[in-house]
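Okay, so here's the structure we're looking at.
The values are calculated or read from the model by the stated rules, or taken from the named source; none is laboratory data. Bear in mind the structure is a predicted one, so any value in this text is a computation, not a measurement. Note: ideal-geometry Cβ built from the backbone for every residue, glycine included; neighbour counts use all protein chains shown.
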Amino acid sequence: MKRRYLIDRSSRGVLLICATVSVAVLLAIAVFILKESWPAFRQIGLLDFLLGTEWKPVPVGEESPEYGILAMIVGTVLVTAGALIFAIPLGIGCAILLADAAPQRIRQILRPAVELLVGIPSVVYGLVGLVLIVPVIRQIGGPGLSLAAGVIVLAAMILPTIISISEDSIRAVPKAYREGALALGATNWQTTWRVVLPAARSGIAASIVLGMGRAVGEAMAMVMVIGMATAMPNSPLDPARPMAPGIALETNYASGVHLSALFAIGVVLFLFIVILNSIAILVFKRGARA
Amino acid sequence: MPRISAKHTQRLALAGIWGTGIVTVIILLVIIGYVLVKGVSDVSWSFLSTAPRGGLSGLGGISTVMVCTVYLIGLTMAILVPLGVGAAIYLSEYAPDNRMTRFIRYGTEVLAGVPSIVFGLFGFALFVTALHFRFSILSGALTLACLLLPTLIRTSEEALRAVPRSHREAALALGATRWQTVWRVLLPAALPGIVTGIILCIGRAMGETACLFVTMGGTTALPTSLFSGGRTLSMHLLALVMDTNAFGKALATGVVLVVAIIVINAMTNWLSQRFRARMTGGA
């Protein structure tokens, strides 16, 4: 056989191997996280782990260690929900502005700025939050490092993601839709609200899901501003410890059951994201039928 | 309640939308402006060229940290680029529409949603502990490559798909094998698009902290081999904030990071514009 045919044959195989690497990584992640978390689940018990309110992996004196992560789950839910409440209206409003309402010139300045912000490292957001927002919250009450600070920093972090993907999907709506609505006598706003936005729905949903995923998984910016207290937060001014930063904070020095428990939090975090994504997809499918 | 006329609704809605726009602009200006204005006074040649000396006031500069960041990104790209571009070529040019392909696509999509810290746990368990790479640049680079893989596959595949069909047909009609078509025709044509994806990954690598925090240790010493630990600029910023009270130095490190991201963004914009022009026959 000619050499070039040999190369052609073998290249296909090599490329297929490259393509399977990402699946292999995903499976390896699942295997390793589950394997490492197994001792924790066995020793602590699933319910005590998920519903326990005390996280004391390194107890003082005679006490026995406690590995309950309910406060971390609550912290993750609260900080993510809070960030979404601010970021969704702002993000979608801004996306409509950029795609539909703003003059070309404003768009030419704003769009690159938004894209730049998507790429700014999360530690920079955390730093700005720590020097600017935390002192303001301390004036209102509490220690400053708090759920509220986490919410504001996260909202600012996911805002650019929501804007840029929503804008793309609003722009992708065929021109004929808009022209049809306008020809029927709808105002510009009626056209946007009743025709363009519903048509762009799936892209907007994707932007929210992506922003939510980023919020749930963010670790280091949260370590900087949210206070990392292990107690259950009672008000927005209290510190909290969501799951992702909870893992990051202790992995480097943990060992034994403690380390295994951190992997177990990783399992919960991963399932959390899968469930959130599925819910988001379901909700939007139902919205589509209505 | 009296019905509000369509005109009034429109006016209200527009006001609302402009309001969100203005709030967003203010947020953006505050974040970038604050870092640049407050931090730039601490950026000097000696800050860039001396090693960090630690201590509560965060003495020294960031020279070794910058070197380590460059090493890490170089190594990560050396692992990532062949795998990612190879996978993209397979998915866009070879993959038949079957279960296997759908499984690969689904897996890649799910991988893209896995949080950085979970990659970190994985890297910690596999590279740091099981394979005995310890806290090292190698562990960090391998973990980071896993994390960036879905991004590079997606951007490279888009670039390959943007190459017009006629290119492929012309090459095959001339008797080229599939691989020759890929290597001599498609890759050169898609190169700017692929490079854009690679630069995008470099930008993300600069910003990642969580997955590196648990795989690279964080020593400030100059790395001497693949197995020495280290810290990137983002990790250094974090360490300055958490372990010292040198907020000035942290902001200065932030300036270096933001400027790097601005440069990276400008490069990707320029490249992708050229790529689009070329693919649509404009240049």
Item to check | Filter pass, B:Leu28 being modelled with pLDDT under 90, at the interface with chain A (Cβ under 10 Å from one of its Cβ atoms) and farther than 26 Å from A:Pro121 by Cβ | outcome: no
Checklist entry - What number of residues within the stretch B:161-202 are in contact with an Asp or Glu (Cβ under 8 Å, 6 or more places away or on another chain) and outside any helix (DSSP H, G or I)? => result 1
Next on the checklist: Exactly one condition in (1) of a type in the set (Gly, Ala, Ser); (2) outside any helix (DSSP H, G or I); (3) within 12 Å of chain B (Cβ to nearest Cβ); (4) buried (at least 19 other Cβ atoms within 10 Å of the Cβ) is false for A:Ala99; which is it?
Outcome noted: (2)
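So for the stretch A:103-121 (the condition being out of contact with any Leu (no Cβ under 9 Å at 6 or more places or on another chain) and in contact (Cβ under 8 Å) with a residue 60 or more places away in the chain), does at least one residue qualify?
As a first pass, look at the stretch A:103-121 and keep what is out of contact with any Leu (no Cβ under 9 Å at 6 or more places or on another chain): A:103-105, A:108-109, A:112, A:115, A:118.
Now narrow it down to the ones that are in contact (Cβ under 8 Å) with a residue 60 or more places away in the chain: none.
For the stretch A:103-121, residues out of contact with any Leu (no Cβ under 9 Å at 6 or more places or on another chain) and in contact (Cβ under 8 Å) with a residue 60 or more places away in the chain: absent.
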Checklist entry - Going through the stretch B:86-102 one residue at a time, which ones are within 12 Å of chain A (Cβ to nearest Cβ) and either in contact (Cβ under 8 Å) with a residue 24 or more places away in the chain or of a type in the set (Asp, Glu) (or both)? => result B:Ala87, B:Ala88, B:Ile89, B:Leu91, B:Ser92, B:Glu93, B:Tyr94
Checklist entry - Across the stretch B:130-152, what is the total count of residues that are free of Cβ contacts under 8 Å to residues at least 12 places away in the same chain and either more than 9 Å from every other protein chain (Cβ to nearest Cβ) or within 15 Å of the chain's Cα centre (by Cα) (or both)? => result 2
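Yes or no, residue by residue, for (1) facing chain A (nearest Cβ under 7 Å); (2) within 26 Å of A:Ala261 (Cα to Cα):
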position	(1), (2)
B:Leu72	no, no
B:Met77	no, no
B:Leu80	no, no
B:Gly84	no, no
B:Ile104	yes, no
B:Val110	yes, yes
Item to check | Residue within the stretch A:40-49 that is assigned to a helix (DSSP H, G or I), closer than 19 Å to A:His258 by Cβ and either touching a Pro at 6+ places or on another chain (Cβ under 6 Å) or within 13 Å of chain B (Cβ to nearest Cβ) (or both) present | outcome: yes
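Condition check ((1) free of Cβ contacts under 8 Å to residues at least 12 places away in the same chain; (2) touching a helix residue (DSSP H, G or I) at 6+ places or on another chain (Cβ under 7 Å); (3) not small (Gly, Ala, Ser)) across all residues:
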{"position": "A:Ala221", "(1), (2), (3)": "no, yes, no"}
{"position": "A:Ala231", "(1), (2), (3)": "no, yes, no"}
{"position": "A:Ala240", "(1), (2), (3)": "no, yes, no"}
{"position": "A:Pro245", "(1), (2), (3)": "no, yes, yes"}
{"position": "A:Glu250", "(1), (2), (3)": "no, yes, yes"}
{"position": "A:Tyr253", "(1), (2), (3)": "yes, no, yes"}
{"position": "A:Val267", "(1), (2), (3)": "no, yes, yes"}
{"position": "A:Val274", "(1), (2), (3)": "yes, no, yes"}
Next on the checklist: Looking only at residues that are surrounded by fewer than 23 Cβ atoms within 10 Å (Cβ to Cβ) and not hydroxyl-bearing (Ser, Thr, Tyr) in the stretch B:143-162, which one is nearest to A:Val21 (Cα to Cα)?
Outcome noted: B:Pro150
Checklist entry - What are the residues in the stretch A:111-132 that are among the hydrophobic types (A, V, I, L, M, F, W, C) and within 7 Å of another protein chain (Cβ to nearest Cβ), if any? => result A:Ala113, A:Leu116, A:Leu117, A:Ile120, A:Val123, A:Val124, A:Leu127, A:Val128, A:Leu130, A:Val131, A:Leu132
Checklist entry - Does A:Glu218 qualify as being at pLDDT 90 or above and under 30 Å from B:Gln10 (Cα atoms)? => result no
Checklist outcome for this item: The number of residues in the stretch B:214-242 that are without any contact (Cβ under 8 Å) to a residue 12 or more places away in the chain and either of a type in the set (Asp, Glu) or not in a loop (DSSP other than H, G, I, E, B) (or both) is 2
Item to check | Selected residue [buried (at least 24 other Cβ atoms within 10 Å of the Cβ) and closer than 30 Å to B:Gly120 by Cα] from B:Leu222, B:Leu238, B:Leu200 | outcome: B:Leu238
Checklist entry - Picking from A:Leu249, A:Leu276, A:Leu282, which residue would you name as being under 30 Å from B:Asp243 (Cα atoms), assigned by TED's automatic domain parsing to the domain that holds A:Ile85 and among the hydrophobic types (A, V, I, L, M, F, W, C)? => result A:Leu249
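With the condition kept exactly as written, say whether any residue in the stretch B:39-48 is touching a strand residue (DSSP E or B) at 6+ places or on another chain (Cβ under 6 Å), outside any helix (DSSP H, G or I) and either more than 14 Å from chain A (Cβ to nearest Cβ) or in contact (Cβ under 8 Å) with a residue 40 or more places away in the chain (or both).
No, because not a single residue in the stretch B:39-48 is touching a strand residue (DSSP E or B) at 6+ places or on another chain (Cβ under 6 Å), outside any helix (DSSP H, G or I) and either more than 14 Å from chain A (Cβ to nearest Cβ) or in contact (Cβ under 8 Å) with a residue 40 or more places away in the chain (or both).
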Checklist entry - Is the stretch B:22-32 home to any residue that is surrounded by 16 or more Cβ atoms within 10 Å (Cβ to Cβ) and touching a residue at least 60 places away in the same chain (Cβ under 8 Å)? => result yes
Checklist entry - Restricting attention to the stretch B:233-283, and to residues there that are of a type in the set (Ser, Thr, Tyr) and within 17 Å of B:Glu208 (Cβ to Cβ), which single residue is nearest to the other protein chains (Cβ to nearest Cβ)? => result B:Ser234
Next on the checklist: Being at pLDDT 90 or above and surrounded by 17 or more Cβ atoms within 10 Å (Cβ to Cβ) is true for just one of B:Leu271, B:Leu233. Which residue is that?
Outcome noted: B:Leu233
Checklist entry - Out of (1) more than 9 Å from chain B (Cβ to nearest Cβ); (2) of a type outside the set (Ser, Thr, Tyr); (3) under 18 Å from A:Leu34 (Cβ atoms), the odd one out for A:Gly266 is which? => result (1)
Checklist entry - Within the stretch A:18-38, can one find any residue that is surrounded by fewer than 13 Cβ atoms within 10 Å (Cβ to Cβ) and among the aromatic types (Phe, Trp, Tyr)? => result no
Item to check | Near pairs, Cβ below 7 angstrom, 6+ apart or cross-chain, from the stretch A:174-203 (within 14 Å of chain B (Cβ to nearest Cβ)) to any residue that is among the β-branched types (Val, Ile, Thr) and part of a loop (DSSP other than H, G, I, E, B) | outcome: A:Val196/A:Val173
Next on the checklist: Being surrounded by fewer than 17 Cβ atoms within 10 Å (Cβ to Cβ) and either touching a strand residue (DSSP E or B) at 6+ places or on another chain (Cβ under 7 Å) or not hydroxyl-bearing (Ser, Thr, Tyr) (or both) is the filter here; which residues of the stretch B:49-87 pass it?
Outcome noted: B:Thr50, B:Ala51, B:Arg53, B:Gly54, B:Gly55, B:Leu56, B:Leu59, B:Val67, B:Val70, B:Gly74, B:Ala78, B:Pro82
Checklist entry - How many residues does the stretch A:133-157 hold that are in a helix (DSSP H, G or I), away from chain B (no Cβ under 12 Å) and either surrounded by 20 or more Cβ atoms within 10 Å (Cβ to Cβ) or touching an Asp or Glu at 6+ places or on another chain (Cβ under 7 Å) (or both)? => result 7
